[in-house]
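**Q** Pasting a structure here, questions to come.
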Amino acid sequence: MEPFDIRGVRVVPGALDPAAQAAILDDLRAVAAAAPLFHPETRRGRRMSVAMTSAGRVGWVSDRRGYRYEPRHPSGRPWPPIPDRLMALWSAHAGTPVPPDTCLVNHYGQGARMGLHQDRDEADLDQPVLSLSLGDEALFRVGNVAPGAPTESVWLRSGDVAVLAGAARLVHHGVDRVRHGSSRLLSGGGRINVTMRVALAPGERAS
Ligand code: SIN
Ligand code: FE2
């Protein structure tokens with residue numbers, strides 16, 4: 001299938017073939033071994049249904065203090081580096097010379113979903129967000145930058161890439177549901193979504 005846009009979000013179906021998906025899944029198992037998945041809490045103290053961890057110089061965390069990027073996993077250890085294969089995926093699809101400094105790994109087990117939100121915890125909102133879907137297919141909902149606008153939905157399948165960039169960088173988006181068992185990539189079913197971003201301001205980026 002050819003790449004297409006949904007409300008300005010670029011979707012590249014089948015950007016990765018099954019072998020490449022499996023290789024990245026192995027990379028992500030190593031990430032989760034170094035930085036175990038956890039269920040963040042919202043500011044209101046609700047446990048998120050999606051389990052998360054990160055790779056990169058900073059990782060996304062949420063608790064009663066709110067949403068933010070932190071240089072360490074809740075265990076106190078630094079996050080592992082972003083796997084090379086994911087850095088290559090960014091170079092191929094993100095359309096920016098700036099490398100990502102964070103890679104959020106979301107695991108959707110049965111019944112997990114993600115409410116409509118904007119990604120706006122990053123310092124430079126001119127840099128894109130690149131998302132890779134692995135495993136079970138997910139109904140991805142996309143709205144506008146302004147809240148409350150009509151939305152459209154698309155099924156994201158294993159190996160699909162979506163890029164939020166330019167005028168679509170701040171669109172509202174979320175995952176209504178995952179079709180459990182629709183892919184055989186993860187042996188027990190489930191979905192993994194990886195989102196890479198440039199979180200830090202230019203002055204904080206030099207490694
Ligand atoms: C996210 O918005 O962080 C995740 C989107 C997805 O799971 O496809
Ligand atoms: Fe998001």
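**Q** Report those strands (runs of 3 or more DSSP E) wholly inside region 1-88 carrying at least 3 residues which are under 23 Å from ASP101 (Cα atoms) and free of Cβ contacts under 8 Å to residues at least 24 places away in the same chain.
**A** In region 1-88, the matching strands (runs of 3 or more DSSP E) lie at 59-63.
**Q** Residue under question is ASP101, and the condition is that it be touching a residue at least 60 places away in the same chain (Cβ under 8 Å), within 15 Å of ligand 1 (Cβ to nearest atom) and over 19 Å from ALA15 (Cα atoms); does it hold?
**A** It is false that ASP101 is touching a residue at least 60 places away in the same chain (Cβ under 8 Å), within 15 Å of ligand 1 (Cβ to nearest atom) and over 19 Å from ALA15 (Cα atoms).
**Q** Further question on the same structure: GLY174 - would you say it is part of a loop (DSSP other than H, G, I, E, B) and either within 11 Å of ligand 1 (Cβ to nearest atom) or buried (at least 16 other Cβ atoms within 10 Å of the Cβ) (or both)?
**A** no
**Q** Suppose the filter is of a type in the set (D, E, K, R), at pLDDT 95 or above, surrounded by 15 or more Cβ atoms within 10 Å (Cβ to Cβ) and within 19 Å of VAL194 (Cβ to Cβ); does ARG7 pass it?
**A** no
**Q** From HIS107, HIS117, which residue is within 14 Å of the chain's Cα centre (by Cα) and either loosely packed, with under 15 Cβ neighbours inside 10 Å or free of Cβ contacts under 8 Å to residues at least 40 places away in the same chain (or both)?
**A** Working: HIS107 fails: either loosely packed, with under 15 Cβ neighbours inside 10 Å or free of Cβ contacts under 8 Å to residues at least 40 places away in the same chain (or both).
Just one listed residue meets the conditions, HIS117.
**Q** Residues of region 147-197 being in contact with a His (Cβ under 8 Å, 6 or more places away or on another chain) and basic (Lys, Arg), which ones?
**A** ARG191
Rundown of residues vs (1) more than 16 Å from ligand 2 (Cβ to nearest atom); (2) loosely packed, with under 15 Cβ neighbours inside 10 Å, yes/no style:
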residue: ARG46; (1), (2): yes, yes
residue: ALA51; (1), (2): no, no
residue: SER62; (1), (2): no, no
residue: TYR69; (1), (2): no, no
residue: ARG77; (1), (2): yes, yes
residue: ILE82; (1), (2): yes, no
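**Q** Can we say LEU200 is outside any strand (DSSP E or B), at pLDDT 95 or above, out of contact with any strand residue (DSSP E or B) (no Cβ under 7 Å at 6 or more places or on another chain) and within 16 Å of ligand 2 (Cβ to nearest atom)?
**A** Working: outside any strand (DSSP E or B): yes; at pLDDT 95 or above: yes; out of contact with any strand residue (DSSP E or B) (no Cβ under 7 Å at 6 or more places or on another chain): yes; within 16 Å of ligand 2 (Cβ to nearest atom): no.
When the stated conditions are applied, LEU200 does not pass them.
**Q** Collect the residues in region 117-131 that are in contact with a Pro (Cβ under 8 Å, 6 or more places away or on another chain) and assigned to a strand (DSSP E or B), keeping them in residue-number order.
**A** Correct list: LEU130 only.
**Q** So for region 151-161 (the condition being part of a strand (DSSP E or B), of a type outside the set (A, V, I, L, M) and within 27 Å of ARG72 (Cα to Cα)), does at least one residue qualify? Break it down into steps so the answer makes sense when it comes.
**A** Taking region 151-161 first, the residues part of a strand (DSSP E or B) are 152-156, 161.
Applying the additional criterion that residues be of a type outside the set (A, V, I, L, M) yields 152-153, 155.
Among the residues that remain, those that are also within 27 Å of ARG72 (Cα to Cα) are: none.
No, there is no match, as no residue in region 151-161 is part of a strand (DSSP E or B), of a type outside the set (A, V, I, L, M) and within 27 Å of ARG72 (Cα to Cα).
**Q** What are the residues in region 128-153 that are touching a strand residue (DSSP E or B) at 6+ places or on another chain (Cβ under 7 Å), within 15 Å of ligand 2 (Cβ to nearest atom) and either within 23 Å of SER91 (Cβ to Cβ) or of a type outside the set (S, T, N, Q) (or both), if any?
**A** PRO128, VAL129, LEU130, SER131, LEU132, SER133, ALA138, LEU139, PHE140, ARG141, VAL142, GLY143
The values are calculated or read from the model by the stated rules, or taken from the named source; none is laboratory data. Because the structure is a prediction, the values reported are computed rather than measured. Using ideal geometry, Cβ is built from the backbone for each residue, glycine included, and neighbour counts are taken over all protein chains shown.
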